[in-house]
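First comes the structure, then the notes that go with it.
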Amino acid sequence: MSFSRKRILVSGGAGFLGSHLCTRLVEQGHDVLSADNYFTGTKENISHLLSNPRFEAMRQDVTFPLFVEVDEIYNLACPASPIHYQFDPVQTTKTSVVGAINMLGLAKRVKAKILQASTSEVYGDPEVHPQSEDYRGNVNPLGPRACYDEGKRAAETLFFDYHRQHGVKIKVARIFNTYGPRMHPEDGRVVSNFIMQALTGQPITLYGTGSQTRAFCYVDDLIEGFIRLMDTGDDVTGPINLGNPHEISVRELAERVIELTGSKSEIVFEPLPQDDPTQRCPDITLARNRLGWEPTVPLEKGLREAIRYFEGIVRTRG
Ligand code: NAD
Ligand code: UDP
């Protein structure tokens, strides 16, 4: 099979998922441009790429227009953890909505294919379980999560309108909880929180009773799903769920982390945040059928990788 080198823009390229995606694309031989305002992403996340002539990093806020020539765009720019997206909710909605308009406008001008990093949060606190793509969701439009949920829903709308109205080639991925090395250690997401707490001997903070469920996908699996989706023909637009269908309670996750780190930390209970979904698990039938994709990394293996990464952070902090 012949290789065709592409020029690829990754917005949010210095973040957790973005840095892994840039790495994979550079390894495949493409020319990769990261555009990031470094709100939650860091230069350290991409430091291993900076000396590579196929990689370029620019400081750019996606709420401002961007003029570059590329063949493909992955639109990942947006804070993803509740702490970070609720820090400046107006900016979060702007990033999702105005950012989508700018990236779609760019895709339209240069005729690039564009993939949107959407989210399982578009299903809100779901009444249908597991969630398949035809479920329209149960989002509170007024609550503290709405800046993210509704911003991402509006972005999906924009993607489909640019597709219908302007013929832009779109791919919409609905990502479920993903974890792994380079997650921000203080972003408040459950995997990073529990591991950091376990490694530093702090109490493990279980919100509510811990009976709420999630399904955790290892980052390498997710990136493989992204690339397969981007490589599909024009007839595949999504939305398509990408996540691991192995569902566990948050309490079980805490117990696994304690076991794998050998930590002496105790579990403490804290109030459940408002609008925290009680259950979440992807139906990935569509991804299996259209992409031939499913996660391959078991939770224990992925958690060990993540623990190793956070151990490095704890060590350097002394
Ligand atoms: P992250 O916070 O590590 O990455 C987001 C990146 O976007 C950061 O580098 C940040 O600096 C950048 N950014 C934020 N606002 C920006 C702006 N206005 N202009 C330019 N850059 C900006 O989060 P992540 O986990 O890597 O998430 C990446 C994408 O995937 C996000 O769009 C998120 O909504 C989506 N997603 C992630 C998950 C997950 O579990 N990790 C789940 C669902 C959806
Ligand atoms: N959670 C928890 N303790 C923490 C952080 C999170 O019990 O220290 C819970 C949170 O209430 C939610 C789940 O873990 O039910 C996943 O939270 P996260 O913020 O990682 O992602 P979400 O899926 O809610 O967007």
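Taking only pairs six or more apart or across chains, which ones have beta-carbon atoms under 6 Å, a first residue in segment 188-205 that is in contact (Cβ under 8 Å) with a residue 60 or more places away in the chain and in a strand (DSSP E or B), and a second residue that is hydroxyl-bearing (Ser, Thr, Tyr) and more than 6 Å from ligand 2 (Cβ to nearest atom)?
Pairs that qualify, where the first residue is in contact (Cβ under 8 Å) with a residue 60 or more places away in the chain and in a strand (DSSP E or B) and the partner is hydroxyl-bearing (Ser, Thr, Tyr) and more than 6 Å from ligand 2 (Cβ to nearest atom), are 204/265.
Does residue 122 satisfy the criteria of being closer than 26 Å to residue 277 by Cα, buried (at least 22 other Cβ atoms within 10 Å of the Cβ), aliphatic (A, V, I, L, M) and at pLDDT 95 or above?
It is true that residue 122 is closer than 26 Å to residue 277 by Cα, buried (at least 22 other Cβ atoms within 10 Å of the Cβ), aliphatic (A, V, I, L, M) and at pLDDT 95 or above.
Yes or no: segment 248-257 includes at least one residue that is surrounded by fewer than 18 Cβ atoms within 10 Å (Cβ to Cβ), closer than 17 Å to residue 196 by Cα and aliphatic (A, V, I, L, M).
No - not one qualifying residue is present in segment 248-257.
Of everything in segment 189-206 that's more than 15 Å from ligand 1 (Cβ to nearest atom) and of a type outside the set (Val, Ile, Thr), which residue is surrounded by the fewest Cβ atoms within 10 Å (Cβ to Cβ)?
If we take residues in segment 189-206 being more than 15 Å from ligand 1 (Cβ to nearest atom) and of a type outside the set (Val, Ile, Thr), then 201 is surrounded by the fewest Cβ atoms within 10 Å (Cβ to Cβ).
How about segment 1-79: which strands (runs of 3 or more DSSP E) wholly inside it have at least 1 residues that are within 19 Å of residue 117 (Cα to Cα)?
In segment 1-79, 7-11, 31-36, 72-75 are the strands (runs of 3 or more DSSP E) which contain 1 or more residues that are within 19 Å of residue 117 (Cα to Cα).
For the structure I just gave you, tell me whether residue 295 is surrounded by fewer than 15 Cβ atoms within 10 Å (Cβ to Cβ), more than 24 Å from residue 136 (Cβ to Cβ), in contact with a strand residue (DSSP E or B) (Cβ under 9 Å, 6 or more places away or on another chain) and not basic (Lys, Arg).
Criteria not met by residue 295.
Looking only at segment 65-92, how many residues end up being in contact with a Cys (Cβ under 6 Å, 6 or more places away or on another chain) and either at pLDDT below 95 or away from ligand 1 (no atom under 11 Å from the Cβ) (or both)?
1
Based on what the data block shows, is residue 129 over 19 Å from the mean Cα position of the chain (by Cα), in contact (Cβ under 8 Å) with a residue 40 or more places away in the chain and farther than 21 Å from residue 22 by Cα?
Judged against the criteria, residue 129 is a match.
Given the options 178, 209, name the one that is surrounded by fewer than 19 Cβ atoms within 10 Å (Cβ to Cβ), at pLDDT 95 or above, touching a Phe, Trp or Tyr at 6+ places or on another chain (Cβ under 9 Å) and not aromatic (Phe, Trp, Tyr).
209
Here is a list: 222, 229, 253, 158. Which entry is in contact with a Lys or Arg (Cβ under 6 Å, 6 or more places away or on another chain) and either charged (D, E, K, R) or part of a helix (DSSP H, G or I) (or both)?
One residue alone meets the criteria, 229.
Note down all Cβ pairs under 6 Å where the first residue falls in segment 161-174 and is within 16 Å of ligand 1 (Cβ to nearest atom), the second is of a type in the set (Asp, Glu), and they're at least six residues apart or on different chains.
172/156
Could you tell me how many of the residues in segment 80-110 are in contact (Cβ under 8 Å) with a residue 24 or more places away in the chain, part of a loop (DSSP other than H, G, I, E, B) and either away from ligand 2 (no atom under 16 Å from the Cβ) or of a type in the set (S, T, N, Q) (or both)?
2
The values are calculated or read from the model by the stated rules, or taken from the named source; none is laboratory data. All of these numbers come straight from a predicted model, not from anything done at the bench. Note that we place each Cβ from the backbone using ideal geometry, even for glycine, and neighbour counts take in every protein chain shown.
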